[in-house]
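The values are calculated or read from the model by the stated rules, or taken from the named source; none is laboratory data. Note that the structure is predicted; figures quoted are calculated from it, not measured. Note that we place each Cβ from the backbone using ideal geometry, even for glycine, and neighbour counts take in every protein chain shown.
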Amino acid sequence: MDRKNISSIIAIITPGIIRLLIENRKINIEDAASLLYNSELYKTLEDEETKLWRLGYPLLYDMLEEELTTGFITFPEEQM
């Protein structure tokens, strides 16, 4: 898949993750977006080879929360 398609998919996924951050952390949209876009998860999501974009946003949100809480991300077995 080319970079343009990946970017399009990420643009569809990210609002769901941001919404969950806002709801669960009680933060504003700017802070939620900053948490996501500055995360290691987002960098990994942008890497087409990881195919992380195939996961639904609820699972990606859980992975982001793990990163924000522990500093680590547990990737599903099928992704690695």
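In region 35-47, the count of residues that are of a type in the set (Gly, Ala, Ser) and within 9 Å of the chain's Cα centre (by Cα) is one or more. Restricting to region 8-28, name every residue that is without any contact (Cβ under 8 Å) to a residue 12 or more places away in the chain, polar (S, T, N, Q) and not in a loop (DSSP other than H, G, I, E, B). SER8 - this is the single residue of region 8-28 that is without any contact (Cβ under 8 Å) to a residue 12 or more places away in the chain, polar (S, T, N, Q) and not in a loop (DSSP other than H, G, I, E, B). With respect to THR14, is the statement that it is surrounded by 14 or more Cβ atoms within 10 Å (Cβ to Cβ) and at pLDDT 95 or above true? Considered against the rule, which asks whether it is surrounded by 14 or more Cβ atoms within 10 Å (Cβ to Cβ) and at pLDDT 95 or above, THR14 comes out as yes. Taken over region 61-80, the criterion of being touching a residue at least 12 places away in the same chain (Cβ under 8 Å), out of contact with any Gly (no Cβ under 8 Å at 6 or more places or on another chain) and in a helix (DSSP H, G or I) is satisfied by MET63, LEU64, GLU65, GLU67, LEU68, GLN79. Which members of region 29-50 meet the condition of being within 15 Å of ILE73 (Cβ to Cβ) and without any contact (Cβ under 8 Å) to a residue 40 or more places away in the chain? Within region 29-50, LEU35, LEU36, ASN38, SER39, GLU40, LEU41, TYR42, LYS43, THR44, LEU45, ASP47, THR50 qualify.
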